Number of protein chains: 2
Amino acid sequence: MKYIATCFFLFCLAISASAQTSAAQEDSLNLRKLYDMSLLNGQSYEWLDHLSNKIGGRLSGSVNAERAVQYTKDELEKLGLDKVWLQPVMVPKWTRGVKEYAYVQAAGGPTNVVNIVALGGSVATPDTGLRANVIEVQGLEDLQLYGKGQIEGKIVFFNRPMPPDVIQTFSAYGGCVDQRYSGAKEAAKYGAVGVIVRSLTHKIDHYPHTGSMSYGDMPDSKRIPAAAISTQDAEYLSSMLKLNTDLDFYFKMSPRNYPDVESHNVIGEITGSEKPEEIIVVGGHLDSWDLGDGAHDDGAGVVQSMEVLRLFKETGIRPKRTIRVVLFMNEENGLRGGNKYADVAKQKKENHIFALESDAGGFTPRGFSFNARPSQFEKIQNWEPLFKPYLIHYFELGGSGADISPLENGNTVLAGLRPDSQRYFDYHHAATDTFDAVNKRELELGAATMASLVYLVDKYGFDRIQKSPEILK
Amino acid sequence: MKYIATCFFLFCLAISASAQTSAAQEDSLNLRKLYDMSLLNGQSYEWLDHLSNKIGGRLSGSVNAERAVQYTKDELEKLGLDKVWLQPVMVPKWTRGVKEYAYVQAAGGPTNVVNIVALGGSVATPDTGLRANVIEVQGLEDLQLYGKGQIEGKIVFFNRPMPPDVIQTFSAYGGCVDQRYSGAKEAAKYGAVGVIVRSLTHKIDHYPHTGSMSYGDMPDSKRIPAAAISTQDAEYLSSMLKLNTDLDFYFKMSPRNYPDVESHNVIGEITGSEKPEEIIVVGGHLDSWDLGDGAHDDGAGVVQSMEVLRLFKETGIRPKRTIRVVLFMNEENGLRGGNKYADVAKQKKENHIFALESDAGGFTPRGFSFNARPSQFEKIQNWEPLFKPYLIHYFELGGSGADISPLENGNTVLAGLRPDSQRYFDYHHAATDTFDAVNKRELELGAATMASLVYLVDKYGFDRIQKSPEILK
């Protein structure tokens, strides 16, 4: 009896090992199918061409944003998904106005024109512009150091550069973005009349980089205008200030905040064949800044997410769970789309097991970062060998994507595609973020990499964890 | 006694573990120093600017190649190395002549101009150009299929594209380059009068990509002219041929082969403080094709290799072994510099323990490939964790670099820097290979990654293996 039991045990073990091998082989073959389809017959690049060159910058509340909603909805409908719909969401509407103008001038000297752009959300200067003495600081903490005595009545020039020695460029960005986001709000407390912020990029060039800023709950009457200056001009201004601290800065810009307007998240899904109630989201954000085409930020993420569903359809891989593409509106200056999507999901008591965002540019994919519990992350790490042939090696905890972050609930695994990011901030929020800066292969590799992870999550799922609220990030 | 012995053993173990920890800490700190110096105070980008924009394309035997020899020698001398010298080498001299001209024409139809460039080493067409019926093939093997009957008197158009589904672009290139290298030699055997080869790039654009070709030992009288056509025009020509197989191709070009001329490898070294007779080489090739600036191929490798020695000098890390930078002449159309360097090393009975080449573009570094014995490769793999903070993950067997390959002797470990290569063939051997296509950070990360590996090899060395001739590649 013992002998028979042992035999039976060994037999089961053999069956199980062989089943595992054949599952791994199937996974390997299906990943290859997804990559081949993306690289040989991909549609992401063509979609991005349209979004970038036929539509262009897609700031929330703009006509272009609405054109992008309509275009992507139409394209998703062509894919033969099970459902495609628009999810209404109220978004802020801010417009840049006429092109900004600025110069630096020493007493009695010539005017030296510099390149600036209004930060998103900034108020306008007076119609005749704003001229004041300029004072350079290296960050928010310097405001207290100089105090009202040295700041009042001046334009504050925040000039802390992104540190080049930080390997992960998003970390370098994260360490500097407070100047842009809160610079005006904080400087106004010390009586500053305006704010100029060094563009957040490693590159020294003439392109200013915009981005969101906030006045918090500051009353309208106290709000001061804020602009980004190109790194080349920031270097110039700083060197001028070293020679002569009595320097005037003049700038003129006419941005305007309007009441909120209605826009939409664009959503499409393939309904799961076995567990339709378990939802996997893949997405990017449809809005962009207005200076370039928003090709990397985040046209790439949009078309890659659409491509994930198309790859499933075209390869004939039928998902067990529901796979939903969500093109979020208003990531750049409000996150209204991300919040709305999560609110509705909560109201409907939908069960999102996984959400993946691509919002770090259309560059060569290196892997993913995750917000997950230990047991969930362990499962993911088991899949790493499947990605090796595609040079995908980065599987780390730490962050996902802004739009999907409101889905965080202690159970849903969140992930962000991590492309090579060394060049990302050359383009980010600047006029240089255009279609020609995106490489077709790199974009397609990213889409296939996302589809591969979605395939594995769909196939193997995640165990629902009831207790232990701690999540690894 | 046993107790004392055990205590002593445990004590030794603790000492050894603590020594290992402190060595690992020192390594980690020194790698950080090398990266910081490259990213914060690097010189590679400035050197590349000069090589690309002040000198430009540096084809072997050209005035520019000699200017590059002089410039890099001067710059190495400024670094305070222990020795800098020129190593004479005879190199081929081939010139492109006046700009090539080509068109396609159906009987009685208009002439449709297409973009071509002569392949390096090709003979000229007659002064009045060459016009003949064109036949499309997909590779060398098709020549036999069509035979003399269909090929004689015609221009053969090799149109096999680089396969987009091959993830490693160098493999895709390797699978197609035979058309370019041997197309003319093989087609001539079937009576072809000329050869047009689809450019070796994934990108569909108007830039033809040149590269070396060979007639082997074919007598001069039998040699037929060979050119590369842009991918856009290759697609056009192919689609025209589908409509009408009776199509003429006309091309006119005036390249010329001259007798060999003298040029030089540029060499500099920091002599080792403890084992000066053990030599570590780091290098790239100084020559380039003539169409662009040769910024990626291989200006990047040249300045990164120079930077490796500068990083050692500037960080004050004193190598135990001799570290030598070698800027090889004539990789593109002869490999004379690489062969000469290895010949002289052999004559002098120099002991090269390691050679590292950067010749795959100045893109974000991903890691290295190696030719090494199992025990050597195992040692290298132990260093992988040190590279993780820099996102360097690729440590694989399989190839090194063309210029250092003649050093292969069963003992010397050979390595190649492996940058991200997805965009490489957009620029390779084309007019698009210019300075602005190289990103400063990516270039600097590559230099620091190379310096880090050189640092570890210098510190730990490799055991010399006397027997077992099998090398892993």
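A short reminder: the numbers here are calculations on the coordinates, not readings from a lab. Owing to the predicted nature of the structure, the values given are computational and were not obtained by experimental measurement. We place every Cβ from the backbone using ideal geometry, glycine too, and count neighbours over all the protein chains shown.
Quick rundown of the values:
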item	result
Modelled FRET efficiency - R0 56 Å, A:E274 with A:A107, Cβ distances, 0.05 increments	0.15
Which of A:P164, A:G174, A:S221, positive extreme of dipole for the range A:99-255 (C-beta unit charges)	A:S221
Förster radius 56 Å - calculated FRET efficiency between B:E384 and B:M218, Cβ distance, rounded to 0.05	0.70
Closest approach to the axis - chain A beta-carbon, rotation onto B, Å	A:H393, 2
Low-density loop positions, GluC sites (Glu not before Pro), the range B:95-182 - DSSP coil, at most 16 other Cβ in 10 Å	B:E152
Nearest-first distances (nm) between copies at B:R67, label 7 Å from Cα via Cβ	4.6
Most positive-pole-ward Cα, A:T125, A:G147, A:P110, against dipole of the range A:99-255 from beta carbon charges	A:T125
Computed E for A:E235/A:D127 - FRET, C-beta separation, R0 41 angstrom, nearest 0.05	0.85
Positive-end residue of A:V137, A:L39, A:G399, charge dipole of chain A with Cβ unit charges	A:G399
Additional length obtainable on full extension of the chain from B:E46 to B:D343, 0.36 nm per residue less Cα span	103.7 nm
Antiparallel %, DSSP beta bridges [both residues in the range B:354-416], to 5	25 percent
Charged-residue dipole, Cβ positions (Lys, Arg, Asp, Glu), the range A:59-164 about Cα centre, Debye nearest 20	140 debye
Whole-Hz ³J(HN,Hα) from phi, Karplus 6.51 cos²θ - 1.76 cosθ + 1.60, for the range B:426-435, glycine and proline x	5, 10, 3, 6, 10, 5, 7, 7, 10, 3
For the range B:306-368 versus the range A:198-257, the gap between their alpha-carbon centres in whole angstrom	46 Å
Label point 7 Å beyond Cα along the C-beta direction, distances from A:Y236 to other copies (nm, shortest first)	4.1
Over 27 Å between alpha carbons, listed pairs A:K203/B:K54; A:K33/B:K185; A:K379/B:K440	A:K33/B:K185; A:K379/B:K440
Charged-residue dipole, Cβ positions (Lys, Arg, Asp, Glu), the protein assembly as shown about Cα centre, Debye nearest 20	1220 debye
Distance between modelled label sites at A:D260 and B:Q150, nm, 7 Å Cα→Cβ extension	6.8 nm
Residue-averaged [θ]222 nm for chain A, counting only DSSP H segments that reach four residues, each worth -39500 (n - 2.57)	-11500 deg cm²/dmol
Beta bridges by DSSP in chain B, antiparallel share as percent, to the nearest 5	55 percent
Calculated from backbone phi, Karplus (6.51, -1.76, 1.60) coupling profile of the range A:159-174 in Hz, x at Gly/Pro	10, 6, x, 5, x, x, 7, 7, 5, 7, 5, 5, 5, 4, 4, x
Label point 7 Å beyond Cα along the C-beta direction, distances from B:A107 to other copies (nm, shortest first)	8.7
Antiparallel %, DSSP beta bridges [both residues in the range A:249-376], to 5	25 percent
For chain A: relative contact order, % (alpha-carbon pairs under 8 angstrom, 6 or more apart)	20 percent
Degrees, to the nearest 10: A:141-151 long Cα axis against longest axis of chain A	20 degrees
Order of B:L130, B:L391 under a 10 Å beta carbon neighbour criterion, fewest first	B:L130, B:L391
Order of A:D178, B:D298, B:D433 - criterion: other Cβ atoms within 10 Å of each residue's Cβ, fewest first	A:D178, B:D433, B:D298
Relative exposure of B:D359, B:D82, B:D142, judged by other C-beta atoms within 10 Å (fewest first)	B:D82, B:D142, B:D359
The range B:97-254 - charge dipole about Cα centre, Lys and Arg +1 at Cβ, Asp and Glu -1, debye rounded to 20	180 debye
